[in-house]
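The values are calculated or read from the model by the stated rules, or taken from the named source; none is laboratory data. Please read all numbers here as calculations on a predicted model, not as lab measurements. As a convention, Cβ positions derive from the backbone with ideal geometry for all residues, glycine included, and neighbour counts pool all protein chains shown.
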Amino acid sequence: MANKMSAKKKLIIILSFIALVITSVIIARAVVANIVKIKIQEAKARPIGIIATKVGYSNFFDKLETFGTAIANQTFSIRIKKTELISSINFDDYPAVKKGDIIAKLNDQTIIAPFNGRVGKREITPGILGGDNSIIATLDDIAILKVDIKVPENFLGVLKKGLKIEANSSAFDEKFNGQLETISSRVDPTTRSILVQAKINNVSQKLIPGMLLNISLIFNETNSLSIPEQALIIQGNDKFVYLITNNKIKKNPVIIGKRNFGKIEILSGLNEGDVVLAEGTNKVRPGSKIKITEYQ
């Protein structure tokens, strides 16, 4: 009988211990869940630091990329027999001269620069027209360079005098600006292109005649509202931004246009001065409380 009572007491103790453990686990889980819930609520209540930008105006345009060979704005050359040369400037240095400067003195004449430019020389191949005793003195006006360009005929509607031109060369890491000067009155039926001529500002005189230039014809220029590319969110056919109002964000649909240099043209959906999320669109959701830490 005593053994039965002792076994019963042991069983009660074991069951009580198990119940205590289960109760402790349930209480611990409830405490942990409550702590996690508090942390989540605190995190939700804490504003998320973001980078914002104000909607403003930027320049947008379309462009046609092509190429052309640089031509001097004006050029002058004269054949000089070395036996007739009394004195001359140093042709090998390609010096700059002004209109009226003496280029060379010969036995029977003086060669005067008819315009501002750079002087050089070109030897005549020996055996050709007495080339072993002659040089060609050259003068090029290169402050402005001409470039002949062939443009596909389907761009005829955008061509007009004064159209902005940008030129660059593999020799220099910079752009040279110019404008469209003349447009041919006919389309070449063989190439289906129209010949135009541009003038490029070369006041630095870095570019020289004969160089191959990469040419961009700029057209359809507009000054439009814009946002950074990374501020735009695309989901299927929907395009929107996160608009910031009273430190909260909301999903705001937009209609976009051109893209130039990291900017997107906004055709509708935003106004100048609106503040939108510029970076970190994956960190927030509509209704999130935010804190602007930086403007882009």
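Got a sec? Which of Val158, Val187, Val203, Val151 is more than 30 Å from Ala278 (Cα to Cα), modelled with pLDDT of 90 or more, buried (at least 17 other Cβ atoms within 10 Å of the Cβ) and β-branched (Val, Ile, Thr)?
One residue alone meets the criteria, Val151.
Tally the residues that are among the charged types (D, E, K, R) and part of a loop (DSSP other than H, G, I, E, B), restricting the search to the stretch 167-223.
Going through the stretch 167-223, the residues among the charged types (D, E, K, R) turn out to be 173-175, 181, 186, 188, 192, 199, 206, 221.
Now drop any that are not part of a loop (DSSP other than H, G, I, E, B), which leaves 192, 206.
Total satisfying the criteria: 2.
Could you tell me which residue of the stretch 224-254 is surrounded by the fewest Cβ atoms within 10 Å (Cβ to Cβ), considering only residues that are small (Gly, Ala, Ser) and part of a strand (DSSP E or B)?
Once the filter is applied, the top-ranked residue is Ser224.
Going through the stretch 1-52 one residue at a time, which ones are over 29 Å from Arg285 (Cα atoms), among the aliphatic types (A, V, I, L, M), at pLDDT below 70 and part of a helix (DSSP H, G or I)?
Within the stretch 1-52, Ala2, Met5, Ala7, Leu11 meet the criteria.
For residues that are in a strand (DSSP E or B) and either touching a Lys or Arg at 6+ places or on another chain (Cβ under 7 Å) or on the phi > 0 side of the Ramachandran plot (or both), tally how many sit in the stretch 147-166. Break it down into steps so the answer makes sense when it comes.
Of all residues in the stretch 147-166, those in a strand (DSSP E or B) come to 147-152, 164-166.
From the residues that got through so far, the ones that are either touching a Lys or Arg at 6+ places or on another chain (Cβ under 7 Å) or on the phi > 0 side of the Ramachandran plot (or both) too are 152, 166.
The qualifying residues number 2.
Is it the case that Ile144 is β-branched (Val, Ile, Thr), surrounded by 18 or more Cβ atoms within 10 Å (Cβ to Cβ) and in a strand (DSSP E or B)?
On the way: β-branched (Val, Ile, Thr): yes; surrounded by 18 or more Cβ atoms within 10 Å (Cβ to Cβ): no; in a strand (DSSP E or B): yes.
When the stated conditions are applied, Ile144 does not pass them.
Would you confirm, using the coordinates I've provided, whether Glu65 is at pLDDT 80 or above and of a type in the set (D, E, K, R)?
Yes; evaluated as a whole, the condition is true for this residue.
Do we find a residue being out of contact with any His (no Cβ under 9 Å at 6 or more places or on another chain), of a type in the set (D, E, K, R) and either over 19 Å from Val203 (Cβ atoms) or exposed (fewer than 15 other Cβ atoms within 10 Å of the Cβ) (or both) anywhere in the stretch 166-174?
Going residue by residue through the stretch 166-174, those that are out of contact with any His (no Cβ under 9 Å at 6 or more places or on another chain) are 166-174.
Filter again for of a type in the set (D, E, K, R), leaving 166, 173-174.
From the residues that got through so far, the ones that are either over 19 Å from Val203 (Cβ atoms) or exposed (fewer than 15 other Cβ atoms within 10 Å of the Cβ) (or both) too are 173-174.
Yes, the stretch 166-174 contains a residue that is out of contact with any His (no Cβ under 9 Å at 6 or more places or on another chain), of a type in the set (D, E, K, R) and either over 19 Å from Val203 (Cβ atoms) or exposed (fewer than 15 other Cβ atoms within 10 Å of the Cβ) (or both).
Counting just the residues of the stretch 255-283 that are over 18 Å from Tyr295 (Cβ atoms) and charged (D, E, K, R), which one comes out surrounded by the fewest Cβ atoms within 10 Å (Cβ to Cβ)?
Arg259
Only one of (1) over 23 Å from the mean Cα position of the chain (by Cα); (2) closer than 17 Å to Asp62 by Cα fails for Leu180. Which number is that?
(1)
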